[in-house]
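Report on one structure; see the data block that follows.
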Amino acid sequence: MSYIATALSGLQNVSLAIDTVSNNIANANTIGYKTGEYVFATQSLNSSNSSDQPATGQGSQSLGVRRAMTQGAITNSANPLDLAISGKGMFRLLQGSGSAASVDPSAVYYSRNGQFGVDKNGYIVNENGMYLTGYQPTINGNQITDDLIKNNGLLRMPASNLPGNATTYSTLSAMLDSTSTAFTKTTNVSFDPTQATYNNKTTQTVFDNSGNSHTLEVYYRRINDSTLSITSGSTGYTYTPSTASSPNTLGTTKVTLNKETVLRVNTSPVASTLTSAASTASTVSLTAGPSNVGLPVTVTSGMKVFINGVDSGVTVNTYVAGATTFTTSADVTVPSGASVTFYNKDLTTTIKTAAITTASTSVDVTSATDLAVGDKVYLGTTDTGTTISNINGTVITLSGAIGAAATGNAAIVTAPITFKHPLSMTLITPEGTEIPVTGATNKKISNEVLTTTTSQVEVYASIDGKFYDYDASASSNRAALPETQGAIGTGYKTVAKLSFMGGQNIDSIVKDSLSGDPMFKTTTKLTSRLTNQAGGSSDLILDLDLSGTQLRAGAFQMTKSTQNGEAVARLTNVTVDNAGRIVGVYGTGKQQYIGQVAMVSFDNEEGLIPVGKNAFAASNVTGTEKDGTGVTVGRAGTGVLGEIRSQALESSNVDLANELVRLMVLQRSYSANSQSLKAIDQTLRDTLQMVG
């Protein structure tokens with residue numbers, strides 16, 4: 001009677017195949033569903049003797065349902081937590097029984113269905129309550145770690161509200177207009193925020209430790225220019241930074257310009273020519289006699305000699321008019337074809353004043369011939385840093401205290417003093433900054449004190465209308481009296497004074513070669529006691545950084561205005577990038593990582609076991625995460641793993657047309673198998689009639 005079983009097996013397997021096709025059709029709209037294909041196989045009975053011929057076929061059997069894990073079409077969605085995988089990989093899920101605490105970390109499931117939402121406790125779950133897992137963020141949410149174990153890898157939305165943070169650091173970088181009005185001492189107009197007594201103002205919102213906002217107002221006021229001394233020493237050109245400066249390297253007290261800085265002379269020479277031959281002696285050969293604008297010039301003894309624009313340190317010893325050679329006060333190295341320029345000689349005389357102290361601002365000299373206002377003053381070889389401001393006979397008035405001691409009297413001259421005609425020069429840094437200076441020589445390591453004019457800007461500040469160092473509740477560690485004070489010195493005080501040369505803040509001209517940060521920064525610490533609407537008070541202490549402020553010809557503008565405080569932040573949006581990084585976006589603009597979706601890929605995807613609810617479980621055929629064979633766990637977009645698309649879902653890969661055709665074929669097959677069974681039934685009837 002095996003032929004009955006043969007026909008019956010055909011009916012049973014075709015019926016199961018119809019079930020499979022029907023299931024495909026029923027799940028054509030199921031997100032992430034993978035179509036199934038019923039696999040038929042023959043079955044036959046063989047003799048126990050292997051040499052016997054096989055018996056006739058005994059019908060069909062099933063080898064299971066094979067699933068095509070091909071990519072389904074990706075459609076758009078409005079939910080930011082709807083995720084679609086483009087490429088290989090599956091979402092990693094954990095099953096719980098209503099709470100995260102009930103999750104079994106060993107009960108891992110996999111799915112291509114990316115319909116996710118948030119449960120009442122903030123965890124990201126799918127429609128079946130399975131928990132999405134991924135790589136955990138750091139405590140502050142600024143980065144994502146490689147941790148897939150902490151919290152069982154569950155991804156949880158951040159707090160809806162983040163507490164505010166107090167502002168501790170504020171940066172204000174402005175482009176000030178160099179052509180704006182200067183409130184000089186002669187105008188005698190003191191600062192008054194209610195009047196037009198300042199050039200520009202900027203406003204910044206800062207926060208206290210409760211997240212309450214406050215208004216910081218900063219005022220800029222141009223005042224009289226000042227003079228800055230730059231010394232050419234063994235380490236380079238150095239100067240003292242502003243009174244509001246702070247070194248970025250402890251122990252640094254001076255600003256040192258880059259060693260490659262060039263000091264170019266702009267003053268026209270008395271005469272110039274070219275060398276005709278190289279020399280290392282005291283005789284210099286020329287291609288032609290010294291001249292100026294094509295006219296011959298007879299250079300005289302004592303004139304300073306510059307080679308290729310740099311002070312050689314020697315002077316003219318002898319020169320005969322019209323000659324093509326001259327001698328110098330000492331041997332000098334001169335290349336062939338070098339430019340030779342000549343400048344007026346220094347004037348040396350003696351002091352006849354009875355006593356000179358470091359505080360003296362005038363001297364009586366033996367001779368004032370050829371001296372001029374502006375000449376630099378030296379005692380011996382020491383640059384005093386002062387210049388002649390007035391000449392009255394032989395009494396010379398200086399621009400400041402002479403700064404060195406000397407003695408002498410009317411009868412006996414004991415202290416030599418030298419006056420040098422100033423040269424207009426420009427310091428050019430490798431970064432291109434040009435600083436106009438005045439000095440007597442551009443020779444390096446000469447201890448020459450160069451002077452430059454610096455533009456000065458006073459800075460005033462207020463918090464919620466209360467001015468620092470004016471109101472009792474607000475103060476600054478850089479508080480200083482302004483150049484023009486209010487009545488009896490009771491007016492407003494500055495919180496910083498800025499100095500500019502070449503348009504740049506003198507504190508930030510020199511940058512650290514490694515970090516690129518200025519060697520000095522212009523900062524002031526502002527301390528205030530603030531009150532809130534409920535009458536409570538809190539202290540706000542912040543460092544105000546003004547280092548990036550510049551002074552250029554052009555309209556006022558703020559180039560940078562930042563502070564590190566935050567108001568109370570409310571979660572407004574959630575985004576997911578192609579790498580599966582989930583980010584919470586707050587109303588303040590702050591972003592916080594929630595985590596990164598973990599993905600899993602199997603070499604043998606068809607071996608996954610369907611467990612319902614559009615999920616699969618691993619088997620010994622596919623390998624498991626624990627044994628690591630044939631399984632890849634990682635991040636989207638890495639290795640074989642595909643990318644993740646947010647606000648998108650992967651449709652099923654069911655081809656309805658194909659399924660309907662397959663259903664028709666199976667229906668005909670079922671009908672044919674029923675005919676076989678009917679024929680067997682008729683045969684049995686005929687046989688019984690014959691016997692009866």
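The values are calculated or read from the model by the stated rules, or taken from the named source; none is laboratory data. Just so we're clear, the structure is a prediction, and the values are computed from it rather than from any experiment. Cβ sites come from the backbone with ideal geometry, for glycine too, and all protein chains shown count toward neighbours. When the accessible area is computed, the model is the full protein with side chains, heavy atoms only, and any ligands, DNA or RNA have been set aside. Shrake-Rupley method; radii C 1.70, N 1.55, O 1.52, S 1.80 Å.
Which of the three applies to segment 190-244, rounded, prolate or oblate, going by the alpha-carbon gyration tensor with a ≥ b ≥ c and a/c under 1.5 meaning rounded?
Details: a/c = 5.20, a/b = 1.73, b/c = 3.00.
It comes out oblate by the Cα gyration axes.
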Quiz item: Any idea what angle helix 2-26 forms with the longest principal axis of the chain, computed on alpha-carbon atoms, 0 to 90 degrees, nearest 10?
Solution: 30 degrees
Self-check item: Cross-link partners of K185 among aspartates and glutamates (Cα-Cα below 12 Å; sequence separation of 8 or more within a chain)
Solution: D225, E483
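Of all DSSP beta bridges located in the chain, what percent are antiparallel, nearest 5? Present the calculation step by step, with values, prior to reporting the outcome.
Values: 169 of 176 bridges.
Around 95 percent antiparallel, to the nearest 5.
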Quiz item: When the C-alpha atoms of segment 482-584 are aligned to their principal axes, what extent does each axis show, in angstrom, from largest down?
Solution: 62, 48, 29
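Can you pull the percent of the chain's accessible area that's carbon plus sulfur, 1.4 Å probe, other chains left in place? Intermediate values should be presented prior to the final figure.
Numbers: 16910 of 33320 Å².
Using a 1.4 Å probe with all protein chains present, the chain comes out at 51 percent carbon and sulfur.
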Quiz item: Considering only T638, V65, T397, whose Cα is most displaced toward the positive end of the charge dipole of the chain, charges sitting on Cβ of Lys, Arg (+1) and Asp, Glu (-1)?
Solution: T397
Self-check item: Nearest-ten-degree value, helix 656-691 long axis tilted from longest Cα axis of the chain
Solution: 20 degrees
Quiz item: What FRET efficiency comes out for the pair S97/T638, r = Cβ-Cβ distance, R0 = 41 Å, nearest 0.05?
Solution: 0.80
Exercise. Using only the Cα atoms of segment 243-389, each taken as one equal point scatterer with no solvent, compute I(q) by the Debye sum, divide by I(0), and report log10 of the ratio at q = 0.14 Å⁻¹.
Key: -0.84
Exercise. Any chance you could list P(r) for segment 93-185, counting all Cα-Cα pairs in 5 angstrom bins from zero, rounded to whole %?
Key: 2, 10, 17, 16, 12, 7, 5, 4, 4, 4, 4, 3, 4, 3, 2, 1, 0
Exercise. Ratio to report: Rg/Rh of the chain, with Cα atoms as the point set and Rh obtained by the Kirkwood method; give two decimals.
Key: 1.31
Practice problem: Note down the nm distance, to one decimal, between modelled labels 7 Å out along Cα→Cβ at S86 and at T184. | Solution: 6.7 nm
Self-check item: Candidate aspartates and glutamates - alpha carbon under 16 Å from K613, same-chain residues fewer than 8 apart omitted
Solution: E127, E650
Exercise. Run down the lysines and flag those whose C-alpha is under 29 Å from the C-alpha of K444, throwing out any fewer than 8 positions away in its chain.
Key: K254, K259, K304, K345, K376, K420, K511, K521
Quiz prompt | Sites T168 and A359, calculated FRET efficiency, Cβ-Cβ separation with R0 41 Å, nearest 0.05 | solution = 0.40
Quiz prompt | Approximate spin-label separation V373-R66, in nm, with each point projected 7 Å along Cα-to-Cβ | solution = 10.5 nm
Exercise. Consider a paramagnetic label point 7 Å from the Cα of T203 along Cα→Cβ; state which residues of segment 451-475 have an amide N under 14 Å from it.
Key: 462-466
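Take the Cβ-Cβ distance between N79 and N477 as r, set R0 to 45 Å, and report the resulting FRET efficiency rounded to the nearest 0.05.
Values: r = 53 Å, r/R0 = 1.17.
FRET efficiency, N79 to N477: 0.30.
Treat every Asp and Glu Cβ in segment 611-661 as -1 and every Lys and Arg Cβ as +1, leave all other atoms uncharged, and give the resulting dipole magnitude about the Cα centre to the nearest 20 debye. Don't skip to the end; give the middle numbers.
On the way: 4 positive and 6 negative charges, 44 e Å.
Magnitude of the dipole: close to 220 debye.
Report the charge-dipole magnitude of segment 642-692 in Debye, nearest 20, computed about the Cα centre from +1 at each Lys and Arg Cβ and -1 at each Asp and Glu Cβ. If you can, show how the numbers build up before the last one.
Numbers: 5 positive and 6 negative charges, 50 e Å.
The calculated dipole for segment 642-692 is roughly 240 debye.
Under a Cβ-only charge scheme (Lys and Arg +1, Asp and Glu -1), can you give me the dipole magnitude of segment 441-581 about the Cα centre, in debye to the nearest 20? Present the calculation step by step, with values, prior to reporting the outcome.
Working: 14 positive and 14 negative charges, 48 e Å.
Here segment 441-581 has a charge dipole of around 240 debye.
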